[in-house]
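The values are calculated or read from the model by the stated rules, or taken from the named source; none is laboratory data. Note that this is a predicted model, so its numbers are computed, not measured. For neighbour counting, all protein chains shown are included, and Cβ atoms are generated from backbone atoms with ideal geometry for every residue, glycine included.
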């Protein structure tokens, strides 16, 4: 049986996924996994060279089909890849606990293997990344991109002022890698906001009806544009509401616009614009000329010219949705970092950079 120093943690984020990664490390880790693992063929894990994948089963009864890799180290650790369902993960972890492994949080594993604070928190945030693109950037920080840049800057902060300012600017982007961006869909009732939300989400998240004022509260959905995580918010149509419930929805819509990183202002292209519609909107805005499948009553290029970005779409047919997704990504992240670049991704990184700038 493994000693008290053998620990096990689940490195992948909670929720159902295709594959889960379980890490076992510490004194007795290899012996613990070897005792619970039934290889499909060949000898046990203690005779397996490092970094060679082994296929077999692990867990009570027939167990779950797993891939096990012995990792180099003194003592060696073990990585177990199993099915991502909660039942399969629980089966693997319970089998290892029965062999003496102690279940701990991923943060304890991070502290053990990575003493550098920049890399350690990058490993923590990597487990929370919701898209491959943000995971790649966080993995580069875990592998030392930010650590190396900060070490160079802190060695001579006065001469490194341009590099500090560049990192401060990049931190505005980096701090959204886990939390994502907030994009609000706004406009008058029946402009096509809810249908647009459903089209972008890929399923019917919001109620679509011909009756004005159907959306009374903010409806949200998590998605991604060009690999950048986004929370889309469909709000109540803004108009002079007659009942208290709709008025509350309108007030909520106005507050959501104030919090948004970007507003998609939906204007019905099949109906004439009012004078208020023609006024330049405030804040970061992308105008959506909706209902492109119907006869046009106005053309956005004639109304807005090159003053305000716009896209012509039809949520009914899908026309313009690809162009809309690309435009949203460009407006949210106009200057993505190049591969391997240092990216500050937490508030404490930004505070440290501001301190160095003031030295």
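Residues 88, 160, 135: which one is surrounded by 15 or more Cβ atoms within 10 Å (Cβ to Cβ) and under 23 Å from residue 33 (Cα atoms)?
From the options 88, 160, 135, the qualifying one is 88.
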Taking the stretch 329-351 only, how many residues are surrounded by fewer than 19 Cβ atoms within 10 Å (Cβ to Cβ) and touching a helix residue (DSSP H, G or I) at 6+ places or on another chain (Cβ under 9 Å)?
10
All but one of (1) over 25 Å from the mean Cα position of the chain (by Cα); (2) surrounded by fewer than 18 Cβ atoms within 10 Å (Cβ to Cβ); (3) within 18 Å of residue 127 (Cβ to Cβ) hold for residue 11, so report the exception by its number.
(1)
Sort out which residues of the stretch 149-172 are out of contact with any helix residue (DSSP H, G or I) (no Cβ under 9 Å at 6 or more places or on another chain), in contact (Cβ under 8 Å) with a residue 24 or more places away in the chain and within 25 Å of residue 124 (Cβ to Cβ), and write them in order of number.
170
Could you say whether any residue in the stretch 333-353 is in contact (Cβ under 8 Å) with a residue 40 or more places away in the chain and either more than 28 Å from the chain's Cα centre (by Cα) or more than 25 Å from residue 128 (Cβ to Cβ) (or both)?
no
Look through 62, 38 and report the one residue that is at pLDDT below 90, more than 35 Å from the chain's Cα centre (by Cα) and either in a loop (DSSP other than H, G, I, E, B) or over 14 Å from residue 97 (Cβ atoms) (or both).
62
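From the list 78, 93, 33, which residue is more than 30 Å from residue 174 (Cβ to Cβ), assigned to a helix (DSSP H, G or I), touching a helix residue (DSSP H, G or I) at 6+ places or on another chain (Cβ under 9 Å) and outside the structural domain of residue 144 (by TED's automatic domain parsing)? Reasoning before the result, please.
Details: 78 fails: assigned to a helix (DSSP H, G or I); 93 fails: touching a helix residue (DSSP H, G or I) at 6+ places or on another chain (Cβ under 9 Å).
Result of the check over 78, 93, 33: 33.
Rundown of residues vs (1) more than 30 Å from residue 135 (Cα to Cα); (2) outside the structural domain of residue 132 (by TED's automatic domain parsing); (3) at pLDDT below 85; (4) surrounded by 12 or more Cβ atoms within 10 Å (Cβ to Cβ), yes/no style:
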| site | (1), (2), (3), (4) |
| --- | --- |
| 202 | no, yes, yes, no |
| 229 | no, yes, no, yes |
| 234 | no, yes, no, yes |
| 248 | yes, yes, yes, yes |
| 256 | no, yes, yes, yes |
| 263 | no, yes, no, yes |
| 276 | yes, yes, no, no |
| 283 | no, yes, yes, yes |
